[in-house]
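The values are calculated or read from the model by the stated rules, or taken from the named source; none is laboratory data. Since the structure is predicted, the reported quantities are computational estimates derived from the model, not experimental observations. In this analysis, Cβ positions are derived from the backbone assuming ideal geometry, glycine residues included, and neighbour counts consider all displayed protein chains.
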Amino acid sequence: MTDPRAFLDWWRRRAEARPNPIVPPGNVAGRALLTVIAIMTFLASLTLGAVTLVADTAADWQSEIAREVTVQIRPDEGLDMAAALETVRATVTAVPGVVSAVPLDDAATGRLLEPWLGEGLDLDELPVPRLVIVGIDERSPPDFSRLREAVRAAVPQASLDDHRAWVSRLVSMAHATVLIGIAILALVMIATVLTVVFATRGAMTGNRHIIEVLHFVGARSGFIAGEFQRHFLKLGLIGAFTGGACAFLVFLAVGQWTRANQATPEADQISALFGSFAISVWGYVGTAVLVVAIGVLTALTSRITVTSQLAAIDMLSPVDG
């Protein structure tokens, strides 16, 4: 078969008869790459889910600052705690910008202390501070300095805590965690690209004689690169879908476990910090986009690698003359 055009026609007919004629579809390197892509996608999806969870939790914390503050009444000798709670409630509700004031009853207070002091607490025998949860109008918040002075004047043992100091630290830590998660996600993507580059070069080395013959008889670089691109796109999508599906299952399992343990005091403390540990809709959408992005990135990386390798072959080949 000395005619290059006849050879190319024969090769195209062969390509139509079976998929991926240049790159064997079921070789060991392909299965290894599929496994690596699945693992990378799984780790990237977990990182993305954690980033969305922390970001949503930080937003909830900031929103709660604007909606709610707490008045703490310290126990003191001769202090009628029930009367003090009612006095604080009446005082704060009279301040403009306060929409509600609810004293924390004995059952709720005991539930908060249960992880540390156990069940069956008798709050009358313990010097335990009592709390009043104050609801704030987000659109027209009160003057907190005035509110703090009014509470102290009504009950000297009472103090207002607007949570801004410690919540601001938590929000700063959450933002730092988000940045770290984004950096980890970028590193995982870079590692995936490098893995695909080495896998593509390995596949070209294993089929170098076929590639050189096709290239030198006139096959365009785009035709050869397209063969590799289709092969690695399929591998990338299958691996990414597998890793993303495993991440989805982990998200659902963690959310189900959290909902099943909501009745325990430990779960109440965790929920107070991190909510229900349920990934938001954007976490699932981001994971789905990540799966498609990794598949496309795998195909593009393979195509670029093949094109650059063919250009190197052209430079090393003798010039006709």
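Structure summary
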{"item": "Residue count, region 181-205 (criterion: surrounded by 14 or more Cβ atoms within 10 Å (Cβ to Cβ) and within 13 Å of the chain's Cα centre (by Cα))", "result": "3"}
{"item": "Condition check for Ser140: polar (S, T, N, Q) and without any contact (Cβ under 8 Å) to a residue 24 or more places away in the chain", "result": "no"}
{"item": "Answer residue from region 165-174, given it is of a type outside the set (Gly, Ala, Ser) and exposed (fewer than 13 other Cβ atoms within 10 Å of the Cβ) and is modelled with the lowest pLDDT among those", "result": "Trp166"}
{"item": "Among (1) modelled with pLDDT of 85 or more; (2) touching a helix residue (DSSP H, G or I) at 6+ places or on another chain (Cβ under 9 Å); (3) crowded, with 17+ Cβ neighbours inside 10 Å, the one test that Arg148 misses", "result": "(2)"}
{"item": "Some residue of region 102-120 being out of contact with any Ser or Thr (no Cβ under 7 Å at 6 or more places or on another chain) and closer than 30 Å to Gly286 by Cβ", "result": "no"}
{"item": "Among residues of region 23-76, those that are modelled with pLDDT of 80 or more and farther than 30 Å from Val95 by Cβ, counted", "result": "25"}
{"item": "Flag for Val98 being touching a residue at least 12 places away in the same chain (Cβ under 8 Å), surrounded by 13 or more Cβ atoms within 10 Å (Cβ to Cβ) and outside the structural domain of Ala299 (by TED's automatic domain parsing)", "result": "yes"}
{"item": "Residue match in region 288-308 (condition: within 15 Å of the chain's Cα centre (by Cα), surrounded by fewer than 18 Cβ atoms within 10 Å (Cβ to Cβ) and modelled with pLDDT of 75 or more)", "result": "yes"}
{"item": "Arg12 vs. criteria closer than 30 Å to Ile182 by Cβ, of a type in the set (Lys, Arg), at pLDDT below 85 and not assigned by TED's automatic domain parsing to the domain that holds Leu147", "result": "no"}
{"item": "Test: residue in region 48-61 that is of a type in the set (Asp, Glu) and free of Cβ contacts under 8 Å to residues at least 40 places away in the same chain", "result": "no"}
{"item": "Members of region 71-116 found to be part of a loop (DSSP other than H, G, I, E, B) and small (Gly, Ala, Ser), listed by number", "result": "Gly78, Ala94, Gly97"}
